[in-house]
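Enquirer: First, the structure itself, so that you have it in front of you.
The values are calculated or read from the model by the stated rules, or taken from the named source; none is laboratory data. This is a predicted model, so every value here is computed, not measured. Please note: Cβ atoms are built from the backbone with ideal geometry, for glycine as well, and neighbour counts cover all protein chains shown.
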Amino acid sequence: MVDVMPILEELLTETLLFLPRIISAIVIFVATIILAGVISRATLHAAQRKISDSETLLLISRLVKWSVFILGTLVALQQINFDVTSFLAGLGVVGFTVGFAMQDIARNFVAGIILLIRQPFEIGDTVEVGGYTGTVLEVKARDTVIKVLSGEKVIIPNNDVFNMPITNFSAFPLRRCTVVIGLGYGEDVDRAVEVFLQTMRRTPGVLEDPAPTVRAEALGDSALTLTAQFWVNQETNNLLDVHSAVVKAINAASEAEGIDLPYPTQTVRVETL
């Protein structure tokens, strides 16, 4: 007859020795669940200050929660002699395969998160990205939606937006406009400059400070090139409307004052041999 007592004693001894590890693993696992919830809520609260999209906020919160949960679970498994290294090695092979297949999605997602945190533009801003100029309609986790000036809807992957220069026309209230004027060579330049300056100052929407300017830029083929510049507060005025009003006002002033704004002309020289 087999004596089972030594076997039972050995089993009991191993159980008693292993019991603290089990208790430690359970404590760490429970603490991980609590900590994951706390950190997730804290992250959500901090992200709400810079991100308004509810879906993105929920996604970030869940990513943080699951990251803490997985890390804590691995620590708990180590307490019961689970081979975490081999597990992570196998997981790494699978992760590499999946990651390689979804690298574009991952890049766009990460770029979207960075854009939402940095906020180089907001919803409703007029921007230029990748050759497209228009109004930002939506910033998602994977792409940015823009309504271009001609009315089309353009969807740009966030990785492209992140890696391209971004021009935000709405970032500051004041914008400068430029009007190029061709002045006849027979005209009094100083008089013409003063007339154009007074014309811009009287045009509604043109700011007094910074003051408008008119400068001679180049000697053209048929005219002296003047550059008129003025500033507009785009929060209180339509930029394109003010620009149009200035062009029409300069044209009207030149006609009223008899200032020549010549058409391009060519001189043909005929020689008789």
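Enquirer: State which residue is nearest to the chain's Cα centre (by Cα) when the search covers only segment 210-248 and only residues that are part of a loop (DSSP other than H, G, I, E, B) and within 14 Å of C177 (Cα to Cα). Walk me through it before giving the result.
Expert: So the first thing to find is which residues in segment 210-248 are part of a loop (DSSP other than H, G, I, E, B), and the list is 210-212, 220-223, 234-238.
Cutting the leftovers down to within 14 Å of C177 (Cα to Cα) gives us 210-212, 234, 237-238.
On the way: P210: 29, A211: 32, P212: 32, Q234: 21, N237: 25, N238: 24 Å.
Looking at the filtered set, the residue picked out is Q234.
Enquirer: Here is a follow-up. Listed residues S54, S40; which is surrounded by 15 or more Cβ atoms within 10 Å (Cβ to Cβ) and either of a type in the set (S, T, Y) or at pLDDT below 70 (or both)? I'd like the intermediate steps shown before the answer.
Expert: Working: S54 fails: surrounded by 15 or more Cβ atoms within 10 Å (Cβ to Cβ).
Matching residue, one of S54, S40: S40.
Enquirer: Between A228, A253, A223, which is within 28 Å of S170 (Cβ to Cβ) and in contact (Cβ under 8 Å) with a residue 24 or more places away in the chain?
Expert: Working: A253 fails: within 28 Å of S170 (Cβ to Cβ); A223 fails: within 28 Å of S170 (Cβ to Cβ).
That would be A228, the only listed residue that is within 28 Å of S170 (Cβ to Cβ) and in contact (Cβ under 8 Å) with a residue 24 or more places away in the chain.
Enquirer: A245 - would you say it is touching a Leu at 6+ places or on another chain (Cβ under 6 Å), touching a residue at least 40 places away in the same chain (Cβ under 8 Å) and surrounded by 13 or more Cβ atoms within 10 Å (Cβ to Cβ)? Lay out the reasoning, then the answer.
Expert: On the way: touching a Leu at 6+ places or on another chain (Cβ under 6 Å): no; touching a residue at least 40 places away in the same chain (Cβ under 8 Å): yes; surrounded by 13 or more Cβ atoms within 10 Å (Cβ to Cβ): yes.
Taking the combined requirement at face value, the residue does not satisfy it.
Enquirer: Given segment 105-200, what strands (runs of 3 or more DSSP E) lie entirely inside it while holding 2 or more residues that are among the aliphatic types (A, V, I, L, M) and touching a residue at least 24 places away in the same chain (Cβ under 8 Å)?
Expert: Qualifying strands (runs of 3 or more DSSP E): 126-129, 174-183.
Enquirer: Condition test on R202, is it surrounded by fewer than 17 Cβ atoms within 10 Å (Cβ to Cβ), under 30 Å from L149 (Cβ atoms) and among the basic types (K, R)?
Expert: On the way: surrounded by fewer than 17 Cβ atoms within 10 Å (Cβ to Cβ): yes; under 30 Å from L149 (Cβ atoms): yes; among the basic types (K, R): yes.
The answer is yes for R202.
Enquirer: I'm checking my understanding of the structure. Among residues of segment 249-266 that are of a type in the set (D, E, K, R) and assigned to a loop (DSSP other than H, G, I, E, B), which one is farthest from E194 (Cα to Cα)? Talk me through it step by step, then tell me what you get.
Expert: In the first step, residues of segment 249-266 are kept if they are of a type in the set (D, E, K, R); the result is 255, 257, 260.
The next check asks that each one be assigned to a loop (DSSP other than H, G, I, E, B); those that pass are 257, 260.
Details: E257: 11, D260: 15 Å.
The residue in question is D260.
Enquirer: Among the candidates R191, R107, R175, R118, which residue alone is under 24 Å from the mean Cα position of the chain (by Cα) and under 30 Å from E257 (Cα atoms)?
Expert: Sole residue among the options that is under 24 Å from the mean Cα position of the chain (by Cα) and under 30 Å from E257 (Cα atoms): R175.
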